[in-house]
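The values are calculated or read from the model by the stated rules, or taken from the named source; none is laboratory data. All values derive from a computational prediction rather than experimental measurement. Here the Cβ positions follow ideal geometry from the backbone for every residue, glycine too, while neighbour counts run over all protein chains shown.
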Amino acid sequence: MNRIRFWHSVLIAYLIILITIIVGAYTGIIPTEIGYIPYYDTIGHLVLLGILSYLLHRALNRKHFRLGGLRIPLAPVLVTMLALAEETIQLASPIRAFSLSDALANIVGIWLFYFLDRWIIFVQRTKH
């Protein structure tokens, strides 16, 4: 299995897990199961969306696009737009509620994991 196919497989498996978590949140199952953990929601947003961003970035072979003179990573931009859309959709949900702190945690996680990948690349290159 080549490297990109590996990342595609991992991304698909993770999406299944993530969709299960989202369905659990929209049906009210998640908060009752793990509500005893302090800040579980904010931490969950940061970590879950950060992992999604990282996996998509790797599955897209770290693809970038140009905007003017800037080189912008595609995956974090896509996941940021998706996360903001999903958070906004919560305004229409009777169970979920829009939260600025969740939206910020999403964005921080998405870009933190992207920069973690950049740091890993830097460390690997400086070792050689």
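Would you tally the residues in the range 55-82 being of a type in the set (A, V, I, L, M, F, W, C), surrounded by 19 or more Cβ atoms within 10 Å (Cβ to Cβ) and over 8 Å from the mean Cα position of the chain (by Cα)?
Within the range 55-82, residues that are of a type in the set (A, V, I, L, M, F, W, C), surrounded by 19 or more Cβ atoms within 10 Å (Cβ to Cβ) and over 8 Å from the mean Cα position of the chain (by Cα) number 4.
Only one of Val23, Val10 is surrounded by 11 or more Cβ atoms within 10 Å (Cβ to Cβ) and under 29 Å from Ile121 (Cβ atoms). Can you tell me which?
Residue meeting the stated conditions: Val10.
In the range 30-54, which residues are of a type in the set (Val, Ile, Thr), exposed (fewer than 14 other Cβ atoms within 10 Å of the Cβ) and modelled with pLDDT of 80 or more?
Ile43
Considering Ile43, Ile29, Ile110, which residue is closer than 22 Å to Leu15 by Cβ, of a type outside the set (S, T, N, Q) and in contact with a Ser or Thr (Cβ under 6 Å, 6 or more places away or on another chain)?
Ile110
On the basis of being basic (Lys, Arg), modelled with pLDDT of 90 or more and closer than 21 Å to Leu46 by Cβ, does Arg125 make the cut?
no
Kindly list, by first and then second residue, each pair from a residue in the range 69-97 that is over 20 Å from Ile30 (Cβ atoms) to a residue that is of a type outside the set (Gly, Ala, Ser) and loosely packed, with under 11 Cβ neighbours inside 10 Å, limited to pairs with Cβ atoms under 7 Å and residues at least 6 apart or on different chains.
From residues that are over 20 Å from Ile30 (Cβ atoms), the pairs are Ile72/Phe65; Leu74/Phe65.
So which residues in the range 84-94 are assigned to a loop (DSSP other than H, G, I, E, B) and surrounded by 11 or more Cβ atoms within 10 Å (Cβ to Cβ), if there are any at all?
Correct list: Ser93 only.
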